[in-house]
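To start, the structure under review is shown below, and the notes come after it.
The values are calculated or read from the model by the stated rules, or taken from the named source; none is laboratory data. It should be emphasised that the depicted structure is a prediction, and the values quoted were computed from it without experimental measurement. Here the Cβ positions follow ideal geometry from the backbone for every residue, glycine too, while neighbour counts run over all protein chains shown. Accessible surface is based on the protein model in full, side chains and every heavy atom, while ligands, DNA and RNA are left aside. Shrake-Rupley method; radii C 1.70, N 1.55, O 1.52, S 1.80 Å.
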Amino acid sequence: MKARSTSDRPRPADNTTNGLYGQHILSVRQFTPEVLEYIFGVADEMRTLVERFGSADLLQGQIMANLFYEPSTRTSSSFMAAMQRLGGQVIPINSVKFSSVSKGESLADTVRTLECYADVIVLRHYEVGAAAEAARWAHKPIINAGDGVGEHPTQALLDAYTIRRELGRLDNLTVAMLGDLRFGRTVHSLTRLLLRRGITFRFVSPRLLRMPDEIRQEVTGAGDTFTEHEDVHEIIGEVDVLYVTRVQKERFTDLAEYERVKDSYIITPELLREAKEQMIVMHPLPRVGEITYEVDEDPRAAYFRQMQNGLYIRMALLAAVLGRA
Ligand code: CP
């Protein structure tokens with residue numbers, strides 16, 4: 001969905017940004033294979049730019065508002081670093097309790113305020129659909145940085161980029177998603193992004209935290225296959241990607257339920273001895289014990305490289321949405 005207007009600045013031809021200029025980024029459903037390839041290509045260029053020069057002036061004169069209603073370290077700071085490395089500036093609202101939200105200001109009015117000052121708004125919110133709601137009111141592009149248990153599209157982009165860089169392809173892989181598949185917005189977005197690529201999905205979780213019906217139906221509707229497991233040993237030997245997630249205490253209304261499932265899986269060097277030599281372990285982070293620190297030494301542990309890739313992907317996305325890629 002396109003923001004209603006962007007600015008009076010000259011518009012680039014759409015073919016220079018693959019149609020992303022001025023677009024809201026709300027869901028991975030927006031990303032066609034062509035758009036994905038385009039973003040990955042620009043991200044590669046951003047990597048080179050950062051490694052060689054540190055920064056550039058591509059987004060000089062542009063301002064990004066970073067509006068976070070939920071805690072974040074990676075998404076918030078990588079978006080800020082991305083904007084600043086491209087010469088732009090940031091309005092950081094990383095804790096809305098210090099903004100007029102704490103006085104009862106609505107999301108619609110908050111967004112309409114920030115767009116008076118900024119060219120793009122990055123929004124993390126605790127409610128599913130909040131980014132889409134913000135986009136209803138906004139004249140400037142809204143980028144969904146996570147909406148409750150809904151989606152986290154920029155995380156899925158960096159996850160897919162990481163898989164491609166690490167394994168050389170995105171097609172015909174066996175991908176296991178493990179942990180909190182019910183509340184984990186990263187696994188919802190990544191599963192959707194990987195549909196129609198011949199992926200075999202293995203969903204590993206306690207019964208309470210199974211992948212939602214809606215996503216399972218989307219997988220079968222796309223003609224892809226999945227199986228469900230409670231025991232990670234059933235699948236560890238065959239997977240190309242083991243995508244581990246945290247059990248999210250903050251999503252539970254019944255803390256006794258959280259206590260029952262919180263330590264369901266712990267990835268250790270012993271477990272990885274059963275895995276293929278050519279595979280990767282991913283995690284959106286933060287982790288709270290589900291991958292031991294000893295695993296970090298294993299070359300298959302890709303989660304820190306994954307986190308680094310977030311910078312290049314977000315630089316690419318900001319440049320495209322602001323028409324400067
Ligand atoms: N992966 C991720 O979204 O991390 P943060 O919550 O720290 O942004």
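For labels at Arg29 and Glu238 in the simple 7 Å Cα→Cβ model, what's the distance in nm?
3.1
Net charge near Asp57: determine it from the other residues with C-beta under 14 Å of the C-beta of Asp57, scoring Lys and Arg +1 and Asp and Glu -1.
+2
If R0 is 41 Å, what FRET efficiency do you get for Thr253 and Phe53 from their C-beta distance, rounded to 0.05?
The computed FRET efficiency comes out at 0.25.
Assigning unit charges at the beta carbon (Lys, Arg +1; Asp, Glu -1) and nothing else, what dipole magnitude in debye, to the nearest 20, does the range 273-325 show about its Cα centre?
420
Sort out for me the Cα centre separation of the range 284-325 from the range 105-154, rounded to whole Å.
So the two Cα centres are separated by 22 Å.
Given Cα pairs under 8 Å that are at least 6 residues apart, what percent is the relative contact order of the chain?
Dividing the mean separation by the residue count of the chain yields 21 percent.
Taking the Cα centre as origin and putting +1 on Lys and Arg beta-carbons and -1 on Asp and Glu beta-carbons, what dipole magnitude results for the range 153-307, to the nearest 20 debye?
580
Enumerate the amide H contacts of Thr174 below 5 Å, restricted to partners 5 or more residues apart or on another chain; note that Pro and chain-start residues carry no placed amide H.
Here the answer is Thr200, Asp240, Val241, since their amide H atoms fall under 5 Å of that of Thr174.
Let a ≥ b ≥ c be the square roots of the eigenvalues of the Cα gyration tensor of the range 174-272; is it rounded (a/c under 1.5), or, if not, prolate (a/b larger than b/c) or oblate?
oblate
At 222 nm, what value in deg cm²/dmol follows for the chain if DSSP H runs of at least 4 each add -39500 (n - 2.57) and the sum is divided by all its residues, to the nearest 500?
It lands at -10500 deg cm²/dmol.
Over the heavy atoms of Val288, what accessible area does a 1.4 Å probe trace out, to the nearest 10 Å²?
Answer for Val288: close to 90 Å² accessible.
For the chain, what does the equivalent ellipsoid look like in terms of its semi-axes, each the square root of 5 times an eigenvalue of the Cα gyration tensor, given largest first in whole Å?
Semi-axes from the Cα gyration tensor: 33, 23, 18 Å.
At 7 Å along the Cα-to-beta-carbon direction for both Ala108 and Asn172, put a label point, then send me their distance in nm to one decimal.
Here the answer is 5.1 nm between the modelled labels.
On average, how much accessible surface per residue is there in the chain, in Å², for a 1.4 Å probe, leaving out ligands, DNA and RNA?
Result: 43 Å² per residue.
Quick one: if the Förster radius is 22 Å, what FRET efficiency do Thr16 and Gln60 give, using the C-beta to C-beta distance and rounding to 0.05?
Calculated value: 0.80.
Need the full-extension length gain, Ser77 to Asp44, defined as separation in residues times 0.36 nm minus the C-alpha distance. One decimal, nm.
Answer, rounded to one decimal: 9.9 nm.
Identify which of Tyr161, Tyr69, Tyr258 has the largest mean-square fluctuation in a Gaussian network model of the chain, with springs joining Cα atoms closer than 10 Å.
Tyr258
Using the C-alpha gyration tensor of the range 222-279, what are the square roots of 5 times its eigenvalues, in whole angstrom, with the largest one first?
Semi-axis lengths for the range 222-279 are 25, 16, 10 Å.
Around Glu234, under 14 Å between beta carbons, what's the net of Lys plus Arg minus Asp minus Glu among the other residues?
-4
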